[in-house]
Amino acid sequence: MLTIYGVYRSRASRNYWMAEELGIEFKSVPVLQATRMDNPLAADAPLNTLSPDFLAVNPMGMIPSIKDGDLVLNESLAINLYLARKYGGPLSGQTVEEEGLIATWTMWAATEVEPHSVAIVRIYDREQENSDQGKAGIVVASRSLKKPLDVLEKRLTGQDYIAADRFTVVDLNVAEVLRYAQTEDALFDSRPHLKAWIERCQSRAAYKAMQATRSKEPISV
Ligand SMILES: N[C@@H](CCC(=O)N[C@@H](CS)C(=O)NCC(=O)O)C(=O)O
């Protein structure tokens, strides 16, 4: 059975969403972020990203990781590409060309979008969004997102999904990377196709199932 190591309030959410989409059985092993804990190395600390048992799974000390049979994989977006290929049906690329587009837009999200969307979510995580420093950080990150979001808006003008005429793993990957910037309404209100697309992605039953579990997870440990 597939094992997902992580918590829903982390990048593991994208793998939980993917597992829901695929309808595959999976086991979730909770691994907390050490950075959110007071004393992650305490003898009685719950399994976390600094625990030796978890470092044996991912020496980078980051969630998510998965185990599928004997295979261990890290890197949330790559995990989804693997799950799509292995279990995916219509979520995976059906042609080499679709696979190429899925890889391209996933790498684009990881390199051109996520650094800036994560910068925004971190400001909210630290409850700094109303401080001068936090506001300045949001302005800088939003400015950096302008070009990538204009490019995605153009891509989605005249087509409902990024790589094919159906929802695929890359829509899930990009939507999850962009979710971190969704506090900034202006980024989406000014780009109607992007806004309609992310709403389309997030109206899926599997996304709602992931969010329902996520909302029950305690915010602090
Ligand atoms: N590129 C990695 C990044 C993983 C990552 O940064 N995970 C965070 C949680 S979202 C983490 O585990 N941080 C360690 C910590 O906070 O202790 C991926 O996409 O899987």
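The values are calculated or read from the model by the stated rules, or taken from the named source; none is laboratory data. Source: prediction; values computed, not measured. Neighbour counts are summed over all protein chains in view; Cβ atoms, including those assigned to glycine, are modelled from backbone coordinates with ideal geometry. Note: accessible area is taken over every heavy atom of the protein model, side chains too, but ligands, DNA and RNA are not part of it. Shrake-Rupley method; radii C 1.70, N 1.55, O 1.52, S 1.80 Å.
Taking the range 31-65, which residues are more than 8 Å from the ligand (Cβ to nearest atom) and either assigned by TED's automatic domain parsing to the domain that holds residue 176 or without any contact (Cβ under 8 Å) to a residue 12 or more places away in the chain (or both)?
Answer for the range 31-65, where residues must be more than 8 Å from the ligand (Cβ to nearest atom) and either assigned by TED's automatic domain parsing to the domain that holds residue 176 or without any contact (Cβ under 8 Å) to a residue 12 or more places away in the chain (or both): 38, 39, 41, 42, 43, 44, 45, 52, 53, 55, 56, 59.
Pick from the range 5-30 the residues that are more than 8 Å from the ligand (Cβ to nearest atom), in a loop (DSSP other than H, G, I, E, B) and among the hydrophobic types (A, V, I, L, M, F, W, C): which of them is farthest from residue 122 (Cα to Cα)?
The residue in question is 24.
Out of contact with any Leu (no Cβ under 8 Å at 6 or more places or on another chain) and open to solvent by less than 20 Å² (accessible area, probe 1.4 Å): does that describe residue 192?
no
Would you say residue 174 is surrounded by fewer than 22 Cβ atoms within 10 Å (Cβ to Cβ), part of a helix (DSSP H, G or I) and assigned by TED's automatic domain parsing to the domain that holds residue 199?
Taking the combined requirement at face value, the residue does not satisfy it.
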